[in-house]
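Reviewing the structure listed below.
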Amino acid sequence: MIYLTMHETFIGPRWALQGKYLPEGFNLALLLTMPRGGILALLAALPHDDPAEEPLLPPIEADQEVWAAGVTYLRSRDARKTESTVGDVYQMAYEADRPELFLKSIGWRCVGADTPVRIRADSSWNVPEPELVLVMNQRKEIVGFTLGNDMSSRDIEGSNPLYLPQAKIYNGSCALGPGIVVAEPDEFRSLPIRIEIERNGQAVFQGETNITQMKRRFEELVDYLFKEMEFPEGVFLMTGTGIVPPDNFTLQAADTVRVSTTLSDGQTLTLENEVM
């Protein structure tokens, strides 16, 4: 496994490879201008010596974009239909050739592991959405993945689909991490995705799905994302959620949200965030 993380150091953000710092000045956006084979070769050649022990930052550069796909799982479709008061627009999106895609965040607005996510003050029904997040280079090649939490205000989106940007895009609504696994897409097409929500030291919700339950293939989503847009510094794409808490559940301040997966080699990656 090739694993990249970003850390907060006294000289500013710094990338690490396999838990050891890469040379100062290493930049993910520049790396993602290269073809996939070149990325792997460069990472293998770069020195990385000093242990990376400083706090984690979201594994994304400030100017990179995070996009998101909606209703890519049956469970997500059903939940959206339940919350919506305006008909079967989500059924239509689930069945259509064209997927639902929207801009979720810019890099500087993302939060990383062990950093709080937020619920909107003007919303009364808020949930986390655990997702696999694809990482693409500028050439539309999938070069790896990270984990994501697409925080969502269900009552706002449910009242009118045109309010989706307000339900999905706000400070502290996009968590990424803990790091990026650089790998071929076939290595992570069947990963489990799990979520646990803890409140006052007790689990109040747990769920698990698998990437194989997605209706759409990675490449289909990526093709539509790149259809009329360029991403010179690469781009991140949240692939949708297959886990939605019951309709009577809403997040509360001080809850802890854990999104996790287990890799083929048995290692577990966990993105943990407290809610505020």
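Condition test on Asp186, is it surrounded by fewer than 14 Cβ atoms within 10 Å (Cβ to Cβ) and either assigned to a strand (DSSP E or B) or touching a residue at least 24 places away in the same chain (Cβ under 8 Å) (or both)?
Against the criterion (surrounded by fewer than 14 Cβ atoms within 10 Å (Cβ to Cβ) and either assigned to a strand (DSSP E or B) or touching a residue at least 24 places away in the same chain (Cβ under 8 Å) (or both)), Asp186 does not qualify.
Regarding Leu101, is this residue touching a residue at least 40 places away in the same chain (Cβ under 8 Å), in a helix (DSSP H, G or I) and farther than 30 Å from Ala254 by Cα?
It is false that Leu101 is touching a residue at least 40 places away in the same chain (Cβ under 8 Å), in a helix (DSSP H, G or I) and farther than 30 Å from Ala254 by Cα.
Could you tell me which residue of region 125-141 is farthest from Glu220 (Cα to Cα), considering only residues that are hydrophobic (A, V, I, L, M, F, W, C), part of a strand (DSSP E or B) and touching a helix residue (DSSP H, G or I) at 6+ places or on another chain (Cβ under 9 Å)?
Taking the candidates together, the pick is Val127.
Checking the conditions here, which among Gly179, Gly234, Gly207 is of a type outside the set (Phe, Trp, Tyr) and in contact with a Phe, Trp or Tyr (Cβ under 7 Å, 6 or more places away or on another chain)?
Gly179
Tell me the residue from Gly266, Gly240 that is within 22 Å of Ile2 (Cα to Cα) and assigned to a loop (DSSP other than H, G, I, E, B), please.
Gly266
Ser159: more than 19 Å from Ala29 (Cα to Cα), surrounded by 24 or more Cβ atoms within 10 Å (Cβ to Cβ), in contact with a Ser or Thr (Cβ under 9 Å, 6 or more places away or on another chain) and of a type in the set (Ser, Thr, Tyr), yes or no?
no
Does any residue of region 89-97 turn out to be in a loop (DSSP other than H, G, I, E, B), surrounded by 23 or more Cβ atoms within 10 Å (Cβ to Cβ) and either touching a residue at least 40 places away in the same chain (Cβ under 8 Å) or acidic (Asp, Glu) (or both)?
Checked region 89-97: no residue is in a loop (DSSP other than H, G, I, E, B), surrounded by 23 or more Cβ atoms within 10 Å (Cβ to Cβ) and either touching a residue at least 40 places away in the same chain (Cβ under 8 Å) or acidic (Asp, Glu) (or both).
None of the figures in this text is laboratory data; all of them are computed from the coordinates on show. This one's a predicted model, so the numbers in the text were calculated from it and none came from an experiment. Quick reminder, even Gly has a Cβ in these numbers, built from the backbone with ideal geometry, and neighbours come from all protein chains shown.
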